Structures are given as structure tokens and as C-alpha cells.
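Working notes for the structure below.
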Amino acid sequence: MSEITRRAVLRGAAGLAGVAALGGLASCSRSTETAVGPAADAVAAAEAARRKPGGRLVTARLTPQPVTLDLGGRAVSTWAYGDTAPGPLLRVDAGDVLRVDVDNQLSAATSVHWHGLALRNDMDGVPGMTQDPIAAGGTFRYEFTAPHPGTYFYHPHSGVQLDRGLYGVLVVDDPHEPGRYDAEWIVVLDDWVDGTGRTPDQILADLQEGGDDSMGDMHDMGGMEGMDHGSMGGSMGGMHGIEGMQSPLLGGAGDIAYPHYLLNGRTTEDPVTLSAKPGQRVRIRFVNAGSDTAFRVAVGGHRMTVTHSDGFPVLPVPTDALLIGMGERFDATITIGEGVYPLVATAEGKQGQALAVIRTGAGRPPTGDVKVRELARQVLLGTVLSAAESVRLDPRSADRSHDLVLGGSMAPYRWTINGKTFPDTDPLQLTQGERVRLRFVNHSMMFHPMHVHGHTFALTNSGARKDTVIVRPMATLDVDLDADNPGQWATHCHNIYHAETGMMTTLSYQGQE
Ligand code: C2O
Ligand code: CU
């Protein structure tokens, strides 16, 4: 990502620090609106307003480093936060200040983004937009107030590093939580390739080279025909929309057929066990940390009730199964029976699944290829949820709106917003205090989980609050947000390969300096 980062930094400098120089040169710029940068007074003021008397300071340390991980019968060398993937669970109460010291032991520059949090802009972790990259061997201290309770996660915002083992969960507890559950399981889903013969960076390069001979051993795996068993597929000439990796719910469901799908860092060969007592009500916090895979999840013999989407409460909805796009989180409750049950996450539109074993009593464990009937019954998407009354946006008409036309192609491999690739995309300008409508218009045959940093928007049709939402092929989806968190905010597809090849822009607060 070095070239993109460098250009973005330069552009950021021209847009932020360069303002004063321009003002000096052109006296007419007095009334000109300029970008509110991460170091602006408005950012500090918004943070001050978030601090609550009595909030604690919670400290943690993250060490991105090269590591050998056991995925369950398979050792891979990769990068992770510490010795595990997912990395350490971070947990604070809403209103607490979280201070995380990052010690970058990688050979590459990195960053940490706090996905879903409406935090101070200068701590958002986007190199070239909110901070300089953390150099190899370098350190950085993140420190911010965690404003809203919910299930969040953290990951690098540097290249395709997220597709290695660099991710972990951040839970923000509600000190006033009514506590309508007895136990909690955190379920992190991931699509895995690193250390199995190619790295995410090589996959990205192969996608960008698009089917010429430099794709090397892809041909050995049978090229397009190798989709089902190779480590990649669909990267040649836009074939993804025609064969393989199709989902009735999502259309084109991905660009990469991964060799493994993980639940809490484990393959189906040696899955994690989740325990509780029979009859207990369990809150499951689902996080999709995958880079190119949506997961369909269900628990054998049970229905679940979805209670939260992307951290925010919804009107509870019972369902058999749940579809989770990359970057989305859902909380669901389940009343668990006595015995042994599979929790299965299938890779939507792909071959393969991830598994956890729920054990509350005696019984034989499921096999790795266990089929769960609930997966083929009622499948819920985040777009059908409605907001809980407490988190509905006030009714108000939009002060301005922006269209984001989502497009792209497989050859050349590039993904666009309004026809342009980041950092050449046009920023989406807004002013603090406005109600802003974003209209996602998908002109491609793939789904895109669109993510906005620093805000939890509301779906206009249901009010549900989300920060990441699946936009289906050829569909249009409107969301509203209140411009209450000044700064420069990345807005992008959470397919990390789409984001990295262009499908990203900036939600750019403007103000007078
Ligand atoms: Cu998890 Cu820019 O996002
Ligand atoms: Cu996308």
C-alpha cells in the first residue's frame, strides 16, 4: 500500500497543513471551507464532550509480530497480535478511556483501526488520513474514550494485513446493561490463506496481474477450473459473476476460495468448545473478521434471537440463521439445550465452513463436515432489522446527500466509488451538525459490505443503526447519519481486496479555520 499511502499523505498534507499556505497566497480564501483534520480543535472538543466523570483508564499492549500459529492440526507462519489469532480480547465500559500501546515488531509499517467506534479522529488508525503509519520497529499510543456499548473489533488499516492473523475483539460493556443473559460466547470468523503457500500480498498481486503467466502456480491448480480446490478462483476475466462463488443472497460472493475457514482461530479439524449449563440463556457476539467472505451461521437444533447489530440494539428478531458480511457484528441470544451441538459458519457462496462445538452435557462431538439444517431455513440479513427505540435517530430531513456508485472489474482488478479509485476518489463533504444521507448504488454483480468510520448510520427503511452494511448486487441502499464526529473518515468496502484496489473514499468534515 506504500504508493497509495504516500499519495494520500501528500494529498492530506495539501488539504490540511497546506490550508494556511493557500490562505496566505490567495486572500479570497477567507470564507473557503477547509478539511477539518485529525489535529483540529473540533476533534479535541468532541473528545472532551465524550469523557464522563468516573470513567476508568484501561491500558493494554498490542504487539503485531511474525508468529507460527496452530490453526488446529495445521501450523502456519503469519502475523498476529501477540501469540494468537484472534489477538487479545480488549474490554472496557462505555465512557472508559482505552490506552493501547502498540509495539510494531513486524518488518512492515502498520496501524490499528478500532472498527465501528465513534472515537476521536486522530485515533482512528488510518495511515495517510488520521496518522502516519507505525514504522517497522516503531511504537504508537492509541488513547480514546469508548463512547457506545457494543461488539467491535480492531485490525490494521494497512494494505491487506487484515487478511493475516491481525485482528481482535473489543467489547464495550454497558454499565447499565439489564443483563438478560447468563453466559457469553465470542465467535470470530475468518477466511484463512496466509502461510499455506501464498500470502495475502501475493494474492492481491495475482488479482491485479489478472490471469497472465505471472499467476504462476495458479495454473498448476487448474486456473479457473481450480476454483473448488485451488487457493484462488475467479480472478480471471470477470468470471466470478458467472461460475463459482455465487450466492442466492449475495450474487457474486467473493474473489478468493480460501483453503481454510476459522472460528476463533481454529479449523474444523480441531474446533473450539463453547460451554454453558443446559437451559442457560447465552449471548453470542459474532464478528466477521474475514477479508473476502460472508458467513452464514446457525446452531444445530436451535433458533437464535438477534439483539444487536454492529454494537447497537435492534428490535429482537428470532431466526434460524444469520448472514454476516465482512466487518459486520451481530449479537444474538440463544437458550441452549442439554447435550452437544454444532455452531457452524459456512462460507457464503464458497466451499467450506468453520465450526465450534457447544457442549452442555454428554454426547459425541460433530464431525468437521457436519450439516446443520437451520442454515438452509430462514436466513436473516442486517438490512431487515429495525432499530430499538433508544437508538433511533430523531426524525429530520437530510441537509445534504451523497451518492456512492459502486463499480469495478476483475480485469483489470479494480473497484471504484463514483468511477474513481482511492486516493483519487472525490471526498464526501459534510459540515458538523448536518444530517447527511449516503446513497449506496451498487452497479456491480458482487455484494459490497460498505463501512463508514467514526459513525453509526441509520438505515432509512428500518432505522437500524449500523456501521457496515451489505449492499447487494445492482441494489440501492440509503443510510442517514448525524455529522457529530468531526475529522476525516475512511468510507470503504470491507472486502479488503476491494478497498485496497480503490473502493474507498473519505467522509470529509469541512469547516472554517
Ligand atoms: Cu474495519 Cu476501514 O475498517
Ligand atoms: Cu466490495
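Values quoted throughout were computed directly from the atomic coordinates according to the rules given, and no laboratory measurement underlies them. Computed from a predicted structure; not experimentally measured. All Cβ positions, glycine included, derive from the backbone under ideal geometry; neighbour counts span all protein chains shown.
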- prompt: Residues of the range 411-423 being under 23 Å from Arg437 (Cβ atoms) and either basic (Lys, Arg) or part of a loop (DSSP other than H, G, I, E, B) (or both), which ones?
  reply: Asn418, Gly419, Lys420, Phe422
statement: Filtering the range 142-190 for residues that are away from ligand 1 (no atom under 12 Å from the Cβ), touching a helix residue (DSSP H, G or I) at 6+ places or on another chain (Cβ under 9 Å) and in a strand (DSSP E or B) leaves a count of 5
field: Per-region count, the range 497-513, residues more than 18 Å from Phe440 (Cα to Cα) and either more than 9 Å from ligand 2 (Cβ to nearest atom) or assigned to a loop (DSSP other than H, G, I, E, B) (or both)
entry: 7
message: Which count do you get for residues in the range 444-462 that are more than 16 Å from ligand 2 (Cβ to nearest atom) and part of a strand (DSSP E or B)?
response: 3
Out of Gly73, Gly54, Gly125, sole residue that is outside any helix (DSSP H, G or I) and within 24 Å of Thr468 (Cβ to Cβ): Gly125
- prompt: Considering only residues of the range 403-415 that are closer than 17 Å to Ala475 by Cβ and away from ligand 1 (no atom under 16 Å from the Cβ), which is surrounded by the fewest Cβ atoms within 10 Å (Cβ to Cβ)?
  reply: Asp403
- request: Please work out which residue is nearest to Gly128 (Cα to Cα), limiting yourself to the range 416-439 and to residues that are surrounded by 21 or more Cβ atoms within 10 Å (Cβ to Cβ) and not aromatic (Phe, Trp, Tyr).
  value: Pro423
- prompt: Which residue out of Arg465, Arg472 is within 16 Å of ligand 2 (Cβ to nearest atom), within 20 Å of the chain's Cα centre (by Cα) and in contact (Cβ under 8 Å) with a residue 24 or more places away in the chain?
  reply: Arg472
Out of Ala109, Ala39, Ala60, Ala49, sole residue that is farther than 22 Å from Met326 by Cβ and in contact with a helix residue (DSSP H, G or I) (Cβ under 7 Å, 6 or more places away or on another chain): Ala39
- line: Over the range 261-292, the set of residues among the basic types (Lys, Arg), assigned to a strand (DSSP E or B) and surrounded by fewer than 18 Cβ atoms within 10 Å (Cβ to Cβ) is Arg281
message: Quick check on my filter: what residues within the range 420-448 are hydrophobic (A, V, I, L, M, F, W, C), touching a residue at least 40 places away in the same chain (Cβ under 8 Å) and away from ligand 1 (no atom under 16 Å from the Cβ)?
response: Leu430, Val436, Met445, Met446, Phe447
Residue list for the range 482-498, filter: out of contact with any helix residue (DSSP H, G or I) (no Cβ under 8 Å at 6 or more places or on another chain) and buried (at least 24 other Cβ atoms within 10 Å of the Cβ): Thr491, His494, Asn495, His498
Residues satisfying the stated conditions in the range 394-410, i.e. under 14 Å from Tyr497 (Cβ atoms), over 21 Å from the mean Cα position of the chain (by Cα) and either assigned to a loop (DSSP other than H, G, I, E, B) or not hydroxyl-bearing (Ser, Thr, Tyr) (or both): Met410
